[in-house]
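**Student:** Questions regarding the structure given below will be posed in turn.
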Amino acid sequence: MKSKNLWSVTSVCVALLSGLFATVSFAKLPEPTPEAKAKAAEAKAKTAWSDKVAAYQLCKSQDKVAAAYLKGKDAKAVVATPACTDPGPYVPEVAATPASASAASAVAATTPAGNAPVVPKK
């Protein structure tokens, strides 16, 4: 009789713990910082460039293999293919706004409309 009671207590504890862990898994992560967003965008751009470089290298190697294969074949069977385009060196993106312009816009955004600074005319 004791073992049957032990199994019911154990199953209740497992059910409660499962419910607790299930609610924790639905927690929402905080919004990423602007630096983290910029770093992610930079990583995405670099990955896209790496993919272009890989495609270029594959195209060049396929052209080389095709040229070696077609060396002794009939010239009429050759199909014109587009040329491989070199993606060039990786160039990271630069921030669109300079620091002084972003600081000026931040001051303008925090200044109330009625208390705007007056600039004297010269």
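**Student:** Sort out which residues of segment 1-25 are of a type outside the set (Val, Ile, Thr) and modelled with pLDDT of 75 or more, and write them in order of number.
**Tutor:** Ser8, Ser11, Cys13, Ala15, Leu16, Leu17, Ser18, Gly19
**Student:** Determine the pairs where a residue that is among the aromatic types (Phe, Trp, Tyr) and surrounded by 11 or more Cβ atoms within 10 Å (Cβ to Cβ), located within segment 28-41, has a partner that is part of a helix (DSSP H, G or I) and modelled with pLDDT of 95 or more with Cβ atoms under 6 Å apart, the partner being 6 or more residues away or on another chain.
**Tutor:** If the second residue must be part of a helix (DSSP H, G or I) and modelled with pLDDT of 95 or more, no pairs are left.
**Student:** Anything in segment 42-54 that is farther than 18 Å from Val94 by Cβ and open to solvent by 60 Å² or more (accessible area, probe 1.4 Å)? List them, or say none.
**Tutor:** Hits for segment 42-54 are Thr47, Asp51, Lys52.
The values are calculated or read from the model by the stated rules, or taken from the named source; none is laboratory data. The structure displayed is predicted, hence computed values, not measured ones. Positions of Cβ are generated from backbone atoms using ideal geometry, with glycine treated the same way; all protein chains shown enter the neighbour counts. Just the protein is used for accessible areas: all its heavy atoms, side chains included, with ligands, DNA and RNA removed. Shrake-Rupley method; radii C 1.70, N 1.55, O 1.52, S 1.80 Å.
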